[in-house]
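Q: To start, I am sharing the structure in question, which I have written as structure tokens.
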Amino acid sequence: MNNLLSTLVFTFLVFNSTAFSHNRPNILWIIAEDMSQDQACYGNKLVKTPTIDMLSNNGMRFNNMFTAAGVCAPSRTAIATGMHQNAIGAMHMRYSEELKPALPEGMNTIAHILKANGYQTFSKGKDDYMFKLNEESFEFKNLDQLDKSKPFFAKVNSFYTHRIFKRDKENPIDPSDVVLPPYYPDVSPIRKDQAAYYENIQLLDKEVKRILDEFEERGLMENTIVFFFSDHGRPSLKGKYWMYDSGIQIPFIVFIPEGIKAPKGYMAGAVDEKLHSSIDISATTLELAGIKKPSYMQGKVFMGENQEPERDYIFSALDRIGGVHFKTRAVRSKKFKYIKNFNNGLSILECSTEYRKARLPHYNTISILDNYNKLDEVQKTLVTPLPLEELYDLENDPFETKNLAYDENYQDVRQKMETVLTNWLDEIDDKGFYPDSPEIQKHFIDYRTKNKEAYRKERLKWYTQILEELKQEGLIP
């Protein structure tokens, strides 16, 4: 069948007894990169995402899924293991291959666990983990290698929404229609960048349709549960690399065909408002496959017969990224976010890696406008040194611009959230507080030095271009 959208909308499924005699569901993960909840089904009126919306409307959309890290490889490490990356000592971004740690004894990836329990494993796109693998995570790289008489676990990664952006020529987005968060200056370079990011979401949506069609054409969709999500949030300043919701809150959708008995906690067409961590994805995948999660796994089962209690808090962490040593931890409830910057003193702008200085127009734009004193009070939070503690009332301040950590009216909240975070650090034995070896320290110093030269020309090119653009807008003399 070519019209997969119609197939999934109506889901009148006729099973082939030979093809699905294993009586266990196939599971397909479709993973995007660097993307927040900016799809039409999440309320963005500018983007066109019919395929993702279809999965949402006919599946279940989760509004409060958060990643264990705001950057790709540590986040994917946590997702693949069901463990916080700082609990297993694989938290830095990015180690050289020889410096990557091994997984703790007895621990394995979701793909290895499923393979050991009779699942075929297929992958397209990167794995990108921050630990050494003793063997390949996935058996197959070609869909035609899958045997339809056996269940499969497939992971397909898209590069869309990761920089460098491509353009959607069929459905271009007018930068003047873009509404920016209040912490960004409302200027052309940032508006154009945000429009390009939205266009990449549209291109991603088309790719999701192609992925689903590929599986459908091979008769691999009828018994297949689909997970759609991103590795972390937006690839923008105060998004990716950070503990703010724009960096760790992700789209998450589960579609289960009608021919598969709906597990406990799943309702087609519903929206889930509970707090979930990305480490829960692997635990829940195992549950849906009829496999008990390993006792070591920190992820919680949020769907199925062994559904676990709702989380009161989610936790995220950042450590070394390139030459920047964040050592930042965060805890979030539904109402409050508490962040502790153990290596505080630099601003959000100053914590930019060499790569981001070159590739994000935000960096040069905000640097230039700050030099001319053209940033308002909220925008100046990007160039103000980070304090040790941050506390935000997410219901009243969703953009996380007003730090309440030093407000006398919120000291009870701050103390409670700090206690919760401290207890978690002890509970997981956070390896980010162990001293890094001299080899690791040297690697990251060299990494930044090398990248500073590698991106120097690109950074200067963008600085000159943005400077001229801001002058033409009359924003600077």
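The values are calculated or read from the model by the stated rules, or taken from the named source; none is laboratory data. Here the structure is a predicted model, which is why all the values come from computation and not from measurement. Using ideal geometry, Cβ is built from the backbone for each residue, glycine included, and neighbour counts are taken over all protein chains shown.
Q: Of the residues Ile211, Ile225, which single one is assigned to a helix (DSSP H, G or I), in contact with a strand residue (DSSP E or B) (Cβ under 8 Å, 6 or more places away or on another chain), over 18 Å from Asn44 (Cβ atoms) and in contact (Cβ under 8 Å) with a residue 40 or more places away in the chain?
A: Ile211
Q: May I ask you to list the residues in region 144-163 that are hydroxyl-bearing (Ser, Thr, Tyr) and within 20 Å of the chain's Cα centre (by Cα)?
A: Ser158, Tyr160, Thr161
Q: Which residue out of Gln202, Gln194 is among the polar types (S, T, N, Q), touching a Leu at 6+ places or on another chain (Cβ under 9 Å) and at pLDDT 95 or above?
A: Exactly one of Gln202, Gln194 is among the polar types (S, T, N, Q), touching a Leu at 6+ places or on another chain (Cβ under 9 Å) and at pLDDT 95 or above, namely Gln194.
Q: In this structure, does Ile253 turn out to be of a type in the set (A, V, I, L, M, F, W, C), in a helix (DSSP H, G or I) and within 22 Å of Asp53 (Cα to Cα)?
A: Criteria not met by Ile253.
Q: Assuming Lys431 fulfils every condition listed in (1) under 19 Å from Asp319 (Cα atoms); (2) out of contact with any helix residue (DSSP H, G or I) (no Cβ under 6 Å at 6 or more places or on another chain) apart from one, which condition is it?
A: Lys431 satisfies all of (1) under 19 Å from Asp319 (Cα atoms); (2) out of contact with any helix residue (DSSP H, G or I) (no Cβ under 6 Å at 6 or more places or on another chain) except (2).
Q: So which of Leu286, Leu318, Leu349 ends up being buried (at least 16 other Cβ atoms within 10 Å of the Cβ), at negative phi and assigned to a loop (DSSP other than H, G, I, E, B)?
A: After ruling out the rest, the residue left standing is Leu349.
Q: Residue check: is Ser236 among the hydroxyl-bearing types (Ser, Thr, Tyr) and surrounded by 21 or more Cβ atoms within 10 Å (Cβ to Cβ)?
A: When the stated conditions are applied, Ser236 passes them.
Q: Taking region 300-359, which residues are among the small types (Gly, Ala, Ser) and touching a Lys or Arg at 6+ places or on another chain (Cβ under 8 Å)?
A: Gly304, Ser316, Ala317, Gly322, Gly323, Ala330, Ala358
Q: Looking only at residues in region 368-385 that are in contact (Cβ under 8 Å) with a residue 40 or more places away in the chain and surrounded by 14 or more Cβ atoms within 10 Å (Cβ to Cβ), which one is nearest to Tyr184 (Cα to Cα)?
A: So the residue we want is Gln379.
Q: With the condition kept exactly as written, say whether any residue in region 289-305 is in contact with a strand residue (DSSP E or B) (Cβ under 8 Å, 6 or more places away or on another chain), in the same structural domain as Met60 (by TED's automatic domain parsing) and not in a loop (DSSP other than H, G, I, E, B).
A: no
Q: For Lys402, only one of the following conditions fails: (1) assigned to a helix (DSSP H, G or I); (2) of a type outside the set (A, V, I, L, M, F, W, C); (3) surrounded by 12 or more Cβ atoms within 10 Å (Cβ to Cβ). What is its number?
A: (1)
Q: If you don't mind, there's one more thing I want to ask. Give the residue, chosen from Asp426, Asp376, that is part of a loop (DSSP other than H, G, I, E, B), among the acidic types (Asp, Glu) and modelled with pLDDT of 95 or more.
A: Asp376
Q: Then there's this: Starting from residues that are in a loop (DSSP other than H, G, I, E, B) and over 19 Å from the mean Cα position of the chain (by Cα), keep the ones in region 321-345 and report whichever is nearest to Asn63 (Cα to Cα).
A: Across region 321-345, the extreme among qualifying residues is Lys335.
Q: Name the residues in region 137-189 that are under 30 Å from Asn26 (Cβ atoms) and either basic (Lys, Arg) or exposed (fewer than 14 other Cβ atoms within 10 Å of the Cβ) (or both), would you?
A: Lys141, Asn142, Asp144, Gln145, Asp147, Lys148, Ser149, Lys150, Lys155
Q: Take Ser278 and tell me if it is within 25 Å of Phe433 (Cα to Cα), buried (at least 24 other Cβ atoms within 10 Å of the Cβ) and assigned by TED's automatic domain parsing to the domain that holds Asn86.
A: yes
Q: Looking only at region 425-471, filter to residues that are under 27 Å from the mean Cα position of the chain (by Cα) and polar (S, T, N, Q); which one of those is farthest from Ala90 (Cα to Cα)?
A: The extreme case among them is Asn451.
Q: Within region 141-152, does at least one residue satisfy the condition of being among the charged types (D, E, K, R), farther than 24 Å from Lys240 by Cα and assigned to a helix (DSSP H, G or I)?
A: yes
Q: Another question, then. Residues in region 392-432 that are in contact (Cβ under 8 Å) with a residue 60 or more places away in the chain and under 30 Å from Ala102 (Cβ atoms): how many?
A: Of the residues in that region, 8 qualify.
Q: Moving to a separate point now. For region 415-453, name all the residues that are of a type in the set (Gly, Ala, Ser) and surrounded by 13 or more Cβ atoms within 10 Å (Cβ to Cβ).
A: Gly432
Q: Let me confirm something: among Lys166, Lys141, Lys124, Lys192, which residue is under 20 Å from Thr49 (Cβ atoms) and either within 23 Å of the chain's Cα centre (by Cα) or in contact (Cβ under 8 Å) with a residue 12 or more places away in the chain (or both)?
A: Sole residue among the options that is under 20 Å from Thr49 (Cβ atoms) and either within 23 Å of the chain's Cα centre (by Cα) or in contact (Cβ under 8 Å) with a residue 12 or more places away in the chain (or both): Lys166.
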